[in-house]
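Presented below is the structure to which this report refers.
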Amino acid sequence: MTGCVAGEDAQGNAAGAGTGSDDAAGSSNSTSDWSTDTLNIDFATYNPLSLIVKDQGFIEEALGDDVEVTWTQSAGSNKANELLRAGAVDVASTAGSAALLARSNGSPIHTIDIYSQPEWSALVVPEDSDITDVDDLEGKTIAATTGTDPYFFLLQALDEAGLSADDVTIENLQHADGRAALENGSVDAWSGLDPIMAASEAESNTKLIYRNVDFNTYGFLNATESFIDESPDVAQVVVDAYEKARAWAEDNPDETASILADVAGIDPAVATSVLERTHFDVDPVPGDDQRAVLEVVAPILVETGDVASQDTVDDALDSLFEPSFAEEADPS
């Protein structure tokens, strides 16, 4: 997710072996039982459940030796969307706003699971800044990663304060670069993203001047249409593994913080603060709650020119969710 996160853009492979029943939703089978012999999937520090799934080998255990699982790190929702559009991964995690943007612009993806309701975005300023609220941002330069939740968080915050993107200068920087620009004085503020934001707070005493969990658009697990159509059995394994990780995170908070700290290259105390702002106990089935949040974001996509028309974004929202996998999820 960030240049200062250990292993950004790194890839890892992990596979487990075993044989079992013919249940494609979770047991270890022979090669003839699975629809594919490969699974390409992302992990991201903004998605702690992905780190647990990878660390614990839940998918490899279920699929056995006959499916090669390749893990690729996403540095942000925009990068995850690029991987999905290019076919480099079958499944990847984004914010809800980024998933809607991608589908609105023709990316053939569906959301198959909701992995969290995080408060992962906020507006951040240096320790000695005179900026104390959103109104003070008028005429200022703000770092944000376009196409991601922090970007849409910024736009909503500005709108709430009676400002628009035209009243500020937005520097499109990847999340880690936004932190660096804030801390070296190149920008006045940063629309941050955890865990980078939490690390900046702890290590550089930066301040969060505006928080609003309602402006964060949930964590969406997305899959390409071709993967869903051709390998629904493996897609179900992925969702089952996520539900297993959700329960594991609730039962093992210290270990979850340790895993996040290790992958993100942050102090365990910082990881704990990130997890305290992250809610895993949400319904994994994409539905009304997520639609309500995205209905607020949808007009913004049109107003900013990121999507051609309201009809286009409405059609994308109507077709984005594929709830059947989460509805049938078995975390056992």
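The values are calculated or read from the model by the stated rules, or taken from the named source; none is laboratory data. Just so we're clear, the structure is a prediction, and the values are computed from it rather than from any experiment. Methodologically, a virtual Cβ is constructed for each residue, glycine included, from the backbone with ideal geometry; neighbour enumeration extends over all protein chains shown. These accessible areas exclude ligands, DNA and RNA; they are computed on the full protein's heavy atoms, side chains included. Shrake-Rupley method; radii C 1.70, N 1.55, O 1.52, S 1.80 Å.
The table that follows gives values for the structure above.
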| read-out | value |
| --- | --- |
| Residue match in the stretch 22-37 (condition: at pLDDT 95 or above and either in contact with a Lys or Arg (Cβ under 9 Å, 6 or more places away or on another chain) or open to solvent by 50 Å² or more (accessible area, probe 1.4 Å) (or both)) | yes |
| Scope the stretch 59-79; condition part of a helix (DSSP H, G or I), open to solvent by less than 20 Å² (accessible area, probe 1.4 Å) and touching a residue at least 60 places away in the same chain (Cβ under 8 Å); matching residues | ILE59, ALA62, LEU63, SER77 |
| Among (1) without any contact (Cβ under 8 Å) to a residue 40 or more places away in the chain; (2) crowded, with 20+ Cβ neighbours inside 10 Å; (3) of a type in the set (Ser, Thr, Tyr), the one test that THR217 misses | (1) |
| Verdict on LEU51 being open to solvent by less than 10 Å² (accessible area, probe 1.4 Å) and of a type in the set (A, V, I, L, M, F, W, C) | yes |
| Matching residues in the stretch 275-293 - criterion: being closer than 20 Å to THR45 by Cβ and in contact with an Asp or Glu (Cβ under 6 Å, 6 or more places away or on another chain) | ARG277 |
